[in-house]
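Report on one structure; see the data block that follows.
The values are calculated or read from the model by the stated rules, or taken from the named source; none is laboratory data. Bear in mind the structure is a predicted one, so any value in this text is a computation, not a measurement. Note: ideal-geometry Cβ built from the backbone for every residue, glycine included; neighbour counts use all protein chains shown. These accessible areas exclude ligands, DNA and RNA; they are computed on the full protein's heavy atoms, side chains included. Shrake-Rupley method; radii C 1.70, N 1.55, O 1.52, S 1.80 Å.
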There are 2 protein chains.
Amino acid sequence: MQVNFAERADNHNWKLDPIVRSLLDTDFYKLLMLQFIWKNFPQVHVTSEIVNRTKSVKLADQVSVGALVDQMEHVRGLKFRRSELVWLAGNTFYGTRSIFEPGFLDWLEHDFKLSEYEVSEQDGELLIRFSGLWCEVMMWEVYALSLVNEMRTRSALGQLSELELDVLYARAKTRLWDKIELLRAVPAVRVSDFGTRRRHSFLWQEYTVKAMQVSLGPSFTGTSNTFLAYKHDLEAIGTNAHELPMALAALADTDEELRAAQYRVLELWQKSYGGSLLILLPDTFGTTQFLTGAPDWVADWTGQRIDSKDPFVAGDEYIAWLMKRGRDPRKKLLIASDGLDVAEILRLHAYFTGRIRFSAGWGTLLTNDFRDCHPRNETVLDPISLVCKLMTVNGRPAVKLSDNPRKATGPSEEIARYRRVFGSELQERAVVV
Amino acid sequence: MQVNFAERADNHNWKLDPIVRSLLDTDFYKLLMLQFIWKNFPQVHVTSEIVNRTKSVKLADQVSVGALVDQMEHVRGLKFRRSELVWLAGNTFYGTRSIFEPGFLDWLEHDFKLSEYEVSEQDGELLIRFSGLWCEVMMWEVYALSLVNEMRTRSALGQLSELELDVLYARAKTRLWDKIELLRAVPAVRVSDFGTRRRHSFLWQEYTVKAMQVSLGPSFTGTSNTFLAYKHDLEAIGTNAHELPMALAALADTDEELRAAQYRVLELWQKSYGGSLLILLPDTFGTTQFLTGAPDWVADWTGQRIDSKDPFVAGDEYIAWLMKRGRDPRKKLLIASDGLDVAEILRLHAYFTGRIRFSAGWGTLLTNDFRDCHPRNETVLDPISLVCKLMTVNGRPAVKLSDNPRKATGPSEEIARYRRVFGSELQERAVVV
């Protein structure tokens with residue numbers, strides 16, 4: 001039996017076991033949006049904060065402020081590596097080369113940094129706030145969410161014996177493989193990994209992604225995690241998120257500018273990106289008003305991502321809208337990404353087959369489904385709903401309405417104003433009734 | 001990243017990956033019986049052979065003669081290690097110290113060897129035959145069965161990718177833990193590992209045993225595997241097997257001696273062993289005739305192991321017999337060991353609670369339950385029914401009737417003679433009707 005003395009000694013020398021080890025370990029859309037912000041809004045100042053929507057879980061019970069700050073400082077000390085930048089410059093994303101401009105890559109290499117932040121504890125909850133230039137704050141979202149989630153995981157794993165850990169992962173793997181077998185039975189289904197921010201851990205996300213890569217063939221279309229795409233030659237998936245219309249809306253000076261902000265984002269976006277990157281995310285202030293009021297060129301975009309509306313309803317609505325605007329839905333793409341699991345993915349695939357191209361962005365229940373896997377039947381490893389909210393933009397409050405009233409964010413008087421401007425007051429009432 | 005150059009090179013230097021690595025890697029009752037044979041029948045000559053009762057599986061498709069011979073030669077080259085012999089001498093078995101005599105341990109150390117054997121292939125089956133002194137042949141049984149089973153396992157594993165192997169073991173572990181959780185819910189249940197000969201592999205048996213050791217507390221009473229008992233400070237479990245009455249019956253010169261042989265074994269046994277080692281195995285020539293014809297002192301033995309009769313029926317029969325003989329069944333032990341799984345273990349425990357002490361010897365479905373675990377849904381890892389039969393004793397045929405007609409072994413004319421002598425012809429007819 002060989003003993004590697006140097007390795008054993010080194011294992012005792014670790015100061016920190018870093019969670020995020022590369023700045024590419026983030027959602028690909030963050031990089032697309034970062035270039036967009038760097039180009040169009042380099043001087044905008046924002047604040048954002050982490051919000052735990054799962055009130056039954058008190059984060060500070062599982063995650064210590066000091067340990068979190070150590071992990072955050074580690075991320076802040078990272079630089080984009082030379083080979084990572086070369087890959088961003090030379091790789092083909094969505095069939096297009098040179099999506100990232102040389103000037104942006106040069107800025108990433110030399111000038112990019114993560115903003116200041118505050119972490120504190122209050123009534124058992126963690127307060128995690130970021131403030132600074134938008135292009136210094138926005139990248140924190142995925143890093144911070146991954147950190148907090150994996151620190152929760154580590155805290156729970158620390159209570160388990162070696163054998164219990166083995167049981168835990170055997171159960172989670174068995175669950176994962178049962179899911180993959182269901183997907184394999186439907187070769188036309190299309191699924192990608194959207195689970196970075198809610199993952200159990202980096203290594204578990206990598207395991208789930210490799211499992212799909214090896215066993216699903218063309219049904220697995222890629223991962224939102226840029227580092228995993230880079231490491232495993234996968235397609236990097238993702239386009240844009242709510243923070244863009246939220247910020248542009250906050251910057252609007254009049255109600256008219258506010259209403260127009262959601263389309264102004266698209267105008268600017270299509271100056272930088274084309275093809276498959278032209279994916280609408282219409283629910284920031286309500287999907288129905290967005291589609292109804294959209295200029296005709298919006299119907300030329302490649303597809304739509306559904307994030308907060310019932311995806312069957314939202315898909316039907318999008319198809320009807322496309323037909324009314326004289327576009328062929330069968331050439332468009334519909335992406336669902338809100339709390340999906342295999343059964344719903346397969347139902348949606350069957351429902352939309354032949355009507356529109358459907359693709360599922362599989363998140364939490366791909367990379368963090370440890371429900372009922374705990375060897376002592378505890379719930380400490382169940383995923384929680386943790387988000388990072390844009391709070392202010394140049395000092396003004398940021399608002400999201402979304403199609404799900406429970407997902408609305410912002411000061412209540414601002415939410416009321418937005419609902420009035422976007423005409424979604426009535427819709428909300430309809431939903432509640 | 002540290003590279004252990006010596007270890008990597010050494011991993012490429014292996015000539016053989018041995019399956020059986022210690023002569024203690026056998027059922028404990030083999031050692032008890034070996035001492036019994038060494039003492040009482042040192043000159044008896046026997047032959048035995050491996051029989052595959054699962055006709056749908058052709059062993060030679062999965063196990064090559066050459067590779068099997070390499071493994072068998074490895075076992076034949078093993079010696080009892082000093083520390084193993086010290087443990088056999090100094091350890092307490094079933095509460096008794098010095099169960100093994102110094103003379104026997106001295107013989108084990110210096111003179112014990114495994115007999116000659118033949119391995120060949122015929123119509124896709126393996127022919128594996130042993131011949132020599134009984135005390136040189138009898139130890140082959142468990143080594144050879146373990147070898148063939150693990151070589152089948154290796155052959156099946158060789159068809160799987162790394163990820164598929166991971167799925168396979170995740171599923172098997174999940175299954176094992178589901179079983180253990182069911183046992184944990186009934187703290188009074190008593191279970192031991194009887195799965196050496198039918199195991200998936202040595203390491204998997206060790207995993208299942210450690211899993212029970214860690215999680216079942218006093219419900220897990222020990223293992224039949226002597227090496228695992230030695231390595232993990234467990235109780236070594238087991239007493240005796242059919243080969244003893246079979247051999248003594250074969251040596252009988254008259255029908256009267258034949259009928260008496262099954263009790264003659266017990267007389268000799270209790271000269272060497274006492275207490276918990278006095279466990280009847282009454283089914284060799286039919287349980288009912290055994291109990292009916294037994295001398296009264298047989299009812300003083302500590303318990304009974306049921307191997308081929310419905311354990312509910314056999315337990316009831318034993319309890320009624322004990323009461324008729326004026327013994328308190330609640331002080332006796334009932335051990336079931338034939339094809340058990342958790343559901344039946346729990347049913348038997350419930351059925352006998354308060355009436356007799358019940359303990360389950362859990363075999364194949366503990367150490368080799370990979371049914372439905374194969375990642376491509378193949379059945380190559382399903383366990384098969386492989387046994388080692390005593391064929392002749394000093395040139396005379398060996399016979400077993402058992403309570404299950406399908407388990408009868410021996411030439412058909414001899415089986416008929418034994419049935420006549422033991423009066424179990426009528427019983428057989430009753431079973432068939």
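One table, with the values for the structure above:
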read-out	value
Pairs where the first residue, in region A:233-247, is within 16 Å of A:Ser192 (Cα to Cα) and the second is of a type in the set (A, V, I, L, M, F, W, C) and in a helix (DSSP H, G or I), C-beta under 6 Å, 6+ apart	A:Ala236/A:Phe28; A:Ala236/A:Ala229; A:Gly238/A:Phe28; A:Thr239/A:Leu277; A:Asn240/A:Met33
Filter result for B:Asn368 (open to solvent by less than 30 Å² (accessible area, probe 1.4 Å), in contact with a helix residue (DSSP H, G or I) (Cβ under 8 Å, 6 or more places away or on another chain) and in contact (Cβ under 8 Å) with a residue 60 or more places away in the chain)	yes
Residues that are part of a helix (DSSP H, G or I), away from chain A (no Cβ under 14 Å) and under 16 Å from the mean Cα position of the chain (by Cα), drawn from region B:208-226	B:Thr226
Any hit, region A:192-207, residues being part of a loop (DSSP other than H, G, I, E, B), among the aromatic types (Phe, Trp, Tyr) and under 23 Å from A:Gly95 (Cα atoms)	yes
Selected residue (criterion: surrounded by the fewest Cβ atoms within 10 Å (Cβ to Cβ)) from residues of region A:340-365 that are closer than 25 Å to A:Arg171 by Cα and hydrophobic (A, V, I, L, M, F, W, C)	A:Ala343
Residue within region B:379-387 that is of a type in the set (Asp, Glu), within 14 Å of another protein chain (Cβ to nearest Cβ), part of a loop (DSSP other than H, G, I, E, B) and out of contact with any Pro (no Cβ under 9 Å at 6 or more places or on another chain) present	no
Residue within region A:141-150 that is among the polar types (S, T, N, Q) and closer than 27 Å to A:Asn377 by Cβ present	yes
Hits in region A:129-151 (condition: in contact with a helix residue (DSSP H, G or I) (Cβ under 6 Å, 6 or more places away or on another chain) and either within 14 Å of another protein chain (Cβ to nearest Cβ) or farther than 15 Å from A:Thr196 by Cβ (or both))	A:Phe130, A:Trp134, A:Cys135
Only listed residue being surrounded by fewer than 16 Cβ atoms within 10 Å (Cβ to Cβ) and of a type in the set (S, T, N, Q), chosen from A:Ser131, A:Ser146, A:Ser120	A:Ser120
Residue count, region B:154-176 (criterion: open to solvent by 10 Å² or more (accessible area, probe 1.4 Å) and either within 14 Å of chain A (Cβ to nearest Cβ) or in a helix (DSSP H, G or I) (or both))	15
Odd one out for B:Glu414 among (1) assigned to a helix (DSSP H, G or I); (2) within 30 Å of B:Leu322 (Cβ to Cβ); (3) among the charged types (D, E, K, R)	(2)
Residue count, region B:92-122 (criterion: in contact (Cβ under 8 Å) with a residue 24 or more places away in the chain and in a loop (DSSP other than H, G, I, E, B))	9
Filter result (surrounded by fewer than 22 Cβ atoms within 10 Å (Cβ to Cβ) and either closer than 22 Å to A:Leu165 by Cβ or hydroxyl-bearing (Ser, Thr, Tyr) (or both)) within region B:205-230	B:Glu206, B:Tyr207, B:Lys210, B:Ala211, B:Gln213, B:Val214, B:Ser215, B:Leu216, B:Gly217, B:Ser219, B:Thr221, B:Tyr230
Residue list for region B:345-364, restricted to those being within 25 Å of B:Glu206 (Cβ to Cβ), out of contact with any Pro (no Cβ under 8 Å at 6 or more places or on another chain) and not in a loop (DSSP other than H, G, I, E, B)	B:Ile345, B:Leu346, B:Ser359, B:Ala360, B:Gly361, B:Trp362
Those residues of region B:177-189 which are outside any helix (DSSP H, G or I) and either under 24 Å from B:Lys58 (Cα atoms) or more than 25 Å from the chain's Cα centre (by Cα) (or both), in sequence order	B:Ala185, B:Val186, B:Pro187
Region B:371-394, subset surrounded by 18 or more Cβ atoms within 10 Å (Cβ to Cβ) and of a type in the set (A, V, I, L, M), residue farthest from B:Thr239 (Cα to Cα)	B:Leu381
Test set (1) more than 30 Å from A:Asn394 (Cα to Cα); (2) open to solvent by 10 Å² or more (accessible area, probe 1.4 Å) - A:Ser272 fails condition number	(1)
Filter pass, B:Leu234 being in a helix (DSSP H, G or I), more than 14 Å from chain A (Cβ to nearest Cβ) and not acidic (Asp, Glu)	no
Cross-chain or 6+ apart pairs with Cβ under 6 Å, region A:2-25 first and within 13 Å of chain B (Cβ to nearest Cβ), then of a type outside the set (Phe, Trp, Tyr)	A:Gln2/B:Asn4; A:Gln2/B:Ala6; A:Gln2/B:Glu7; A:Asn4/B:Gln2; A:Asn4/B:Asn4; A:Ala6/B:Gln2; A:Glu7/B:Gln2
Options B:Asp328, B:Asp382: the member that is under 22 Å from B:Arg198 (Cα atoms) and free of Cβ contacts under 8 Å to residues at least 60 places away in the same chain	B:Asp382
Considering residues of region B:276-327 that are hydroxyl-bearing (Ser, Thr, Tyr) and part of a loop (DSSP other than H, G, I, E, B) only, the residue most open to solvent (accessible area, probe 1.4 Å)	B:Thr302
Meets criteria (over 21 Å from the mean Cα position of the chain (by Cα) and in contact (Cβ under 8 Å) with a residue 40 or more places away in the chain) for A:Arg259	yes
Residues satisfying the stated conditions in region B:179-203, i.e. open to solvent by 40 Å² or more (accessible area, probe 1.4 Å), within 23 Å of B:His232 (Cα to Cα) and within 14 Å of chain A (Cβ to nearest Cβ)	B:Glu181, B:Arg184, B:Leu203
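Listed here are the residues, each with its yes/no results for (1) of a type in the set (Asp, Glu); (2) modelled with pLDDT under 95; (3) touching a Pro at 6+ places or on another chain (Cβ under 7 Å); (4) not in a helix (DSSP H, G or I).
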position	(1), (2), (3), (4)
B:Ala241	no, no, no, yes
B:Leu244	no, no, no, no
B:Glu257	yes, no, no, no
B:Tyr263	no, no, yes, no
B:Leu268	no, no, no, no
